[in-house]
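Q: Sharing a structure below in structure tokens format, with a few things to ask.
The values are calculated or read from the model by the stated rules, or taken from the named source; none is laboratory data. These figures come from a predicted structure and were not determined experimentally. Because the Cβ atoms are built from the backbone with ideal geometry, glycine has one as well, and the counts that use them run over all protein chains shown.
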Amino acid sequence: MLHTLLVVLPLMLSPGPANLVSFVLGTRNGVLQLVPFQLGIVLVYGVVAITLGVLSNQIHLVAPSAVAILQAIGGLFIVYLGIQLARRTQRDATDRAPTFLNGMTLQCLNPKYPGVVLAVFASRHTQPVLEIAATITLVGIAGLLAYSTAGSVLRPRQVSEVRFQTFDRLAGGTLCAVGLWFILHPLFAARIQT
């Protein structure tokens with residue numbers, strides 16, 4: 001469980017679409033007005049995590065070697081996200097009304113989330129699906145609350161672009177490290193078994 005949490009934390013707390021929009025909306029609306037919006041995101045977190053967890057376990061039963069391939073592909077995707085995040089120079093400041101439907105829509109269209117979840121499940125296929133899905137969802141909730149609270153706290157002040165870039169680089173580096181772990185872990189595990 002602790003190992004899963006250590007893998008999920010940088011993935012779900014990195015500045016992805018849901019977290020960044022929560023931050024921006026937090027600067028504009030405060031935390032409490034974002035509750036319906038974030039509940040929509042959380043609903044999709046849970047449904048997608050459970051669905052992909054069950055799918056990953058079925059793939060492991062039918063073709064165990066495919067799980068390592070999924071894990072490597074997921075790891076490459078996470079490294080790609082980390083590099084994109086570290087290189088980002090502009091922010092999107094979407095001014096959407098914070099509704100439940102907006103939250104669901106944002107998360108359904110989030111290209112980061114399914115790849116991240118599938119990579120986590122591919123590396124943790126021996127753990128119960130609901131345990132991992134709950135961990136992903138709870139850490140996701142913590143991330144949404146942290147970003148919206150930070151936005152709300154910074155509401156009266158302007159945050160410099162340099163600070164955003166520094167944060168993006170640190171978070172991008174963390175994502176790259178996790179992605180590399182996903183890619184290299186099956187290789188190390190295979191070497192240890194031989």
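Q: Taking segment 18-51 on its own, how many of its residues are under 14 Å from the mean Cα position of the chain (by Cα) and either under 24 Å from LEU130 (Cα atoms) or at pLDDT 85 or above (or both)?
A: Of the residues in that region, 9 qualify.
Q: Inside segment 36-81, can you point out the residues that are more than 17 Å from PRO114 (Cβ to Cβ), in a helix (DSSP H, G or I) and without any contact (Cβ under 8 Å) to a residue 60 or more places away in the chain?
A: The answer is LEU61, VAL62, PRO64, SER65.
Q: Within segment 68-78, can one find any residue that is in contact with a His (Cβ under 7 Å, 6 or more places away or on another chain) and at pLDDT 75 or above?
A: Looking for residues that are in contact with a His (Cβ under 7 Å, 6 or more places away or on another chain) and at pLDDT 75 or above, one finds none in segment 68-78, hence no.
Q: Further question: Just to verify a result, which residue in segment 25-35, among those that are part of a helix (DSSP H, G or I) and either touching an Asp or Glu at 6+ places or on another chain (Cβ under 9 Å) or not small (Gly, Ala, Ser) (or both), is surrounded by the fewest Cβ atoms within 10 Å (Cβ to Cβ)?
A: Looking at the filtered set, the residue picked out is LEU32.
Q: Just to be sure I understand the filter: pairs with C-beta atoms under 8 Å, separated by 6 or more residues or on different chains, first member in segment 128-157 and among the charged types (D, E, K, R), second member assigned to a loop (DSSP other than H, G, I, E, B). Which pairs pass?
A: What qualifies is GLU131/MET1; ARG155/GLY30.
Q: Pick from segment 110-139 the residues that are outside any helix (DSSP H, G or I) and more than 13 Å from the chain's Cα centre (by Cα): which of them is modelled with the highest pLDDT? I'd like the intermediate steps shown before the answer.
A: Here is the first cut: in segment 110-139, the residues outside any helix (DSSP H, G or I) are 110-111, 124-128.
Remaining after also requiring more than 13 Å from the chain's Cα centre (by Cα): 124-128.
Details: ARG124: 75, HIS125: 71, THR126: 77, GLN127: 84, PRO128: 89.
It comes out as PRO128.
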